[in-house]
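The structure under discussion appears below in the form of structure tokens.
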Amino acid sequence: MAYPINLKLGGLILSLHLIFETLGFVIGFRYFLFLRNRQKDRINDTNRSWIIIGATFGAFFFSRIIGALENPMMLIHSKHTLLYLYANKTIVGGLLGALLVVEITKKIIHEKTSSGDLFTYPLILAMMIGRIGCFSSGLSEETYGAATNSFLGIDFGDGFYRHPVTLYEIGFLAFLWIALVAIERKVRLVNGYRFQIFMIAYLAFRLLLDFIKPHYVYFIGLGTIQLCCVIGLLYYSGTIYKIFFNFSALTEHGK
């Protein structure tokens, strides 16, 4: 199979990556609206709209900033800095950026209710769809893995068998979705903890996954995305403690 994989329609060549990235946004948002209509939202329409705007801005801005900082030397020597910033993005930066701006937005509008739970499953779905597009890009986007002798390795066109990290991520996200559903069938989580468990699990996964991805190293073998994962996990350290040592505190029964 030749990478990147593109869709040919007559004389028109469409990027499969762009198609799946767009589908991820559209389907994920439609799923969010479906879930919001099916279950009562604890946040009124006006505040929810401001939260969505904040999340969108934070995700767009910080996904680019963190993505560009993955390789600071390339950013410094880039002839078109703004274009380089726009072209490079990362989901980790998007998630943490959205979280930061949403929290700021909620303080401005005086909204104290946790707002992340409704986004959790739509986010997982959107990320899984988007990662199909990343896989189709091969080596044209820095979402490929390091060289490996594993039977799982795939040759993306440079003669080396590499970890298909995007497929690993899709599998992990599918498992996380199933795990969250299984947990919520047994216990009723306090509002906000579904999203926090998702964030903790994904950040921990990415911290480990990026060890098998080529990346610029700052210190002790960690790259930009991994350092952001560590910061995010420290932010959620209180919840991490509860997950392992006092899980009942996350449930309505133990509240």
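The values are calculated or read from the model by the stated rules, or taken from the named source; none is laboratory data. Remember, predicted model here, so these are calculated numbers, not experimental data. When we count neighbours, we look across all protein chains shown, and the Cβ atoms used for this are built from the backbone with ideal geometry, even at glycine. The accessibility values were calculated without ligands, DNA or RNA, using every heavy atom of the protein model including side chains. Shrake-Rupley method; radii C 1.70, N 1.55, O 1.52, S 1.80 Å.
What to note about this one:
- Length-normalised contact order of the chain in % [C-alpha pairs under 8 Å, at least 6 apart]: 21 percent
- Expressed in Å, the radius of gyration and Dmax of the Cα atoms of the chain are 19.2, 62.
- Taking each of 40/112; 106/186; 186/242; 40/89; 107/186 in turn, the alpha-carbon distance tops 26 angstrom for 106/186; 40/89; 107/186.
- Heavy atoms of residue 181 accessible to a 1.4 Å probe, total area in Å² rounded to 10: 50 Å²
- Cα Rg, Dmax (largest Cα-Cα span) when computed across the range 55-182, Å: 17.3, 55
- For the range 1-130: rounded, prolate or oblate by the Cα gyration tensor [a/c cutoff 1.5]: oblate
- Note on residue 105: accessible area approximately 20 square angstrom, rounded to 10, probe 1.4 Å, nucleic acids and ligands left out.
- Charge-dipole axis of the range 1-44 as Lys and Arg at +1 and Asp and Glu at -1 on Cβ define it, positive-most pick from 43, 16, 28: 43
- Cα-based shape type of the range 17-70, given that a ≥ b ≥ c are square roots of the gyration tensor eigenvalues and the cut on a/c is 1.5: oblate
- Shape call, the range 164-228: gyration tensor on alpha carbons, a/c limit 1.5: oblate
- Partners of residue 213 within straight-line reach, counting aspartates and glutamates whose Cα lies under 17 Å from its Cα and excluding those fewer than 8 residues away in the same chain: 70, 141, 142, 155, 158, 169.
- Simple Cβ-charge dipole of the chain, Lys/Arg +1 and Asp/Glu -1, about Cα centre, in debye nearest 20: 800 debye
- Under-5 Å amide H pairs with residue 192, H placed in peptide plane, nonlocal only: 117
- Accessible-area rank, largest first, for 38, 185: 185, 38, with all protein chains present and a 1.4 angstrom probe.
- Rolling a 1.4 Å probe over the protein heavy atoms leaves residue 134 with an accessible area of roughly 10 Å².
- Part-to-part distance (alpha-carbon centres) for the range 197-212 and the range 73-96, which is given in Å: 21 Å
- Inter-probe distance in nm under a simple model that places probes 7 Å from Cα toward Cβ, at residue 34 and residue 86: 3.3 nm
- On the chain, 67 percent of the accessible area sits on carbon and sulfur atoms, based on a 1.4 Å probe.
- Between the range 15-70 and the range 170-191, the Cα center-to-center distance that results, in Å: 20 Å
- Sorting 253, 80 by solvent-accessible area of protein heavy atoms yields 253, 80, largest first, with a 1.4 Å probe.
- Rough spin-label spacing in nm, given labels placed 7 Å along Cα→Cβ, for residue 108 and residue 42: 2.3 nm
- Furthest towards positive pole of dipole, 124, 172, 4, structure part the chain, Cβ charges: 124
- Residues of the range 1-153: accessible area per residue with a 1.4 Å probe, Å²: 59 Å²
- Taking Cβ atoms as reference points and 14 Å as the exclusive limit, the residues near residue 30 contribute a net charge of +2, counting Lys and Arg as +1 and Asp and Glu as -1.
- The chain: DSSP helices with Cα axial extent of at least 24 Å and average Kyte-Doolittle hydropathy no lower than 1.6: 91-109
- Across the protein chains, with a 1.4 Å probe defining accessible surface, the residues 31, 235 rank 235, 31 from largest area downward.
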